[in-house]
Structure formats: structure tokens, C-alpha cells
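To start, the structure itself, in C-alpha cells.
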Amino acid sequence: MKHEVYSAIIKAVKIGSLQEPFSKKDFKRACPDFGEGTYNAFLWKHQLGNSESQSELFIKVAPGKFKLVRPIKYGL
């Protein structure tokens, strides 16, 4: 699935296992099935304002803390 990581984060937020704003550690605890590189890069790579991002999915609200951009993208 193309948006597997993003979908897992959305699901975790919706069911309450991931509270916003969340950190890398929170993301890893709520969505434990990804490689270490995903936890180290995904949130930062897809944050609002990252000029290298192909998709802006998260808002960085504090150092190391993120919220989902709303509305949720890709019909998820």
C-alpha cells in the first residue's frame, strides 16, 4: 500500500493509541511494525514547509512534536 505509514498513523490517532501532538517515540510505540529509518525520518520528511517534501502530512508544533494536517489526505 502506497500510504501504509500514513494510514497507520491516522488509524492510531482515530482509535486513540496515538495522541496529538506526538513524537517519534509515540509514533513508534503506537505503530511498531516499521523499520527504524521510518521512525527517524518520516515525520520530518513529510512536515509542512519542508521544501523537499513530496507531500505535507504533518505540522511541527514544537521541537520533535507533530500533528496531522487536516483535512486528511488521499481519501483516508
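Tabulated data
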item	result
Identity of the residue in the stretch 45-64, closer than 16 Å to H3 by Cα, within 13 Å of the chain's Cα centre (by Cα) and not small (G, A, S), that ends up surrounded by the most Cβ atoms within 10 Å (Cβ to Cβ)	F58
Residues that are closer than 23 Å to G75 by Cα and under 11 Å from the mean Cα position of the chain (by Cα), drawn from the stretch 12-29	A12, V13, L18, E20, P21, F22, F27
Residues of the stretch 50-76 satisfying the condition of being touching a strand residue (DSSP E or B) at 6+ places or on another chain (Cβ under 8 Å) and of a type outside the set (S, T, N, Q)	E56, L57, F58, I59, K60, V61, K65, F66, K67, L68, V69
1 or more residues touching a residue at least 24 places away in the same chain (Cβ under 8 Å), of a type in the set (S, T, Y) and touching an Asp or Glu at 6+ places or on another chain (Cβ under 7 Å): qualifying helices (runs of 4 or more DSSP H) within the chain	none
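FYI, it's all coordinate maths here, none of it is from the lab. Since the model is a prediction, treat every value here as computed from it, not as a measurement. FYI the Cβ positions are ideal-geometry reconstructions off the backbone, even for glycines, and counts take in every protein chain you see.
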